[in-house]
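Right, one structure below, let's go through it.
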Amino acid sequence: MRALLAAAVLFAAAPAFASDAPATSLTLADAAKAPAGRLIIDGAAWRCEGAACTATGGANQPASRACRRVVAKLGPVTTFSYRGETLDEQALAVCNAA
């Protein structure tokens, strides 16, 4: 009975853990380049609605590298945040130029 109660408590707390995940998102400069379905880049599953895209998961890497990998597949971005780290204008310029 105790095991069942403990499992119920952990199950109820699971959504709270998921919502604490750092944000991963971007805005594409050209919404026409947004993938129609899910696109996986370095373990991050990207989904887009128009130019705004969000992701879950992803490799443990710096945001600047993740940005370069995404830009190589989707084209330039105007905003980029990876696992809670947001790139500033200068870092975005470097990312888009790579």
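The values are calculated or read from the model by the stated rules, or taken from the named source; none is laboratory data. Just so you know, these numbers come straight off a predicted model, no measurement behind them. Reconstructed Cβ throughout: ideal geometry from the backbone, glycine too, with neighbour counts over all protein chains shown.
Annotations for the structure displayed:
- Checking each residue in the stretch 36-56 for being surrounded by 13 or more Cβ atoms within 10 Å (Cβ to Cβ) and over 13 Å from the mean Cα position of the chain (by Cα) picks out only Ala51.
- Members of the stretch 78-98 found to be among the charged types (D, E, K, R), surrounded by 12 or more Cβ atoms within 10 Å (Cβ to Cβ) and under 22 Å from Gly50 (Cα atoms), listed by number: Arg83
- Residue in the stretch 12-28 that is surrounded by 12 or more Cβ atoms within 10 Å (Cβ to Cβ), part of a helix (DSSP H, G or I), modelled with pLDDT of 95 or more and not small (Gly, Ala, Ser) present: no
- Condition met for Ala59 (loosely packed, with under 14 Cβ neighbours inside 10 Å and in a helix (DSSP H, G or I)): no
- Qualifying residue in the stretch 48-71 (condition: in contact with a Pro (Cβ under 9 Å, 6 or more places away or on another chain) and at pLDDT 95 or above): yes
- Matching residues in the stretch 62-77 - criterion: being surrounded by 14 or more Cβ atoms within 10 Å (Cβ to Cβ) and aliphatic (A, V, I, L, M): Ala63, Ala66, Val70, Val71, Leu74, Val77
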